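First up is the structure itself, then whatever we jot down about it.
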Amino acid sequence: MRITGGQWRGRRLEAVKGLDVRPTTDRAREALFNILRHEIQDAEVVDCCCGTGALGLEALSRGARHVDFIDVAPRSLQTVRLNLERLGAEPTAFAVHRGDAARWLEKRLTAGAVGDLIVLADPPYGGPVPDALLSVLAAGAAPAVLVLEHPSQEALAVPVPERWRLDRRSYGSSAFTIIRPCEPDQPEHADA
């Protein structure tokens, strides 16, 4: 597993040992960040259910201003810290939090100032986290972009607020559902 672009391109990442963690493949991560390339620059990012931290680390490598890494598993958070240290990440550019991703995100979104916030979520497949994250979005306080990774054969029942659009991309057994505001004269749902 490597960083696919930006200042740390090609650098190896440590994997979480002993846990059932399914890191996003390099190919899928590179494709996602090619889609987000204009939005990631100088953005604040939240890596929910961060596992190894690969999504958030990729965001930092590609110019994100700050990344919050959130996970409930202490071993995952140790791995994230190790990867941050090995890459030489600036300590002011990240924070590592242990806790429930949906609750943490709900607090962050209701605290305000979410204009350029990008939320990346790769929760355990088949668990309750996607529904909890989507309910936070449906409650009205929304980030600039929400990305949910899920099995490609699974269709998410996503409650999309008015003037927001869905973009679904599949990469092998994984898929990303990207939820962002509509541009003027753009349809609300766009599957690719």
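The values are calculated or read from the model by the stated rules, or taken from the named source; none is laboratory data. These figures come from a predicted structure and were not determined experimentally. Glycine also receives a Cβ, built like all others from the backbone with ideal geometry; neighbour counts cover every protein chain displayed.
Taking the numbered list (1) surrounded by fewer than 17 Cβ atoms within 10 Å (Cβ to Cβ); (2) touching a helix residue (DSSP H, G or I) at 6+ places or on another chain (Cβ under 7 Å) in turn, Cys48 passes all entries but (1).
Hey, among Ala102, Ala15, Ala31, which residue is among the small types (Gly, Ala, Ser) and touching a Leu at 6+ places or on another chain (Cβ under 6 Å)?
Every option except Ala102 fails the conditions.
Within region 36-45, the set of residues being closer than 24 Å to Glu106 by Cα and surrounded by fewer than 15 Cβ atoms within 10 Å (Cβ to Cβ) comprises Gln41, Asp42.
For first residues located in region 67-87 and over 23 Å from Ile40 (Cβ atoms), partners that are of a type in the set (Val, Ile, Thr) and lie 6+ apart or on another chain with Cβ distances below 6 Å form the pairs Arg75/Val16. Among residues of region 150-165 that are within 20 Å of Leu120 (Cβ to Cβ) and among the charged types (D, E, K, R), those with a beta-carbon under 6 Å from a residue that is part of a loop (DSSP other than H, G, I, E, B) and modelled with pLDDT under 70 at least six positions away or on a different chain give the pairs Arg165/Glu188; Arg165/Ala190. Those residues that are among the small types (Gly, Ala, Ser), modelled with pLDDT of 95 or more and part of a helix (DSSP H, G or I), I need them from region 55-94; list them, please. Once the filter is applied, which keeps residues that are among the small types (Gly, Ala, Ser), modelled with pLDDT of 95 or more and part of a helix (DSSP H, G or I), region 55-94 yields Gly56, Ala59, Ser61, Ala93. The selection criterion, being surrounded by 17 or more Cβ atoms within 10 Å (Cβ to Cβ), touching a Cys at 6+ places or on another chain (Cβ under 7 Å) and either at pLDDT 80 or above or among the hydrophobic types (A, V, I, L, M, F, W, C) (or both), holds for Val129. For region 9-35, how many residues meet the condition of being within 11 Å of the chain's Cα centre (by Cα) and either modelled with pLDDT of 90 or more or surrounded by fewer than 21 Cβ atoms within 10 Å (Cβ to Cβ) (or both)? Within region 9-35, residues that are within 11 Å of the chain's Cα centre (by Cα) and either modelled with pLDDT of 90 or more or surrounded by fewer than 21 Cβ atoms within 10 Å (Cβ to Cβ) (or both) number 3.
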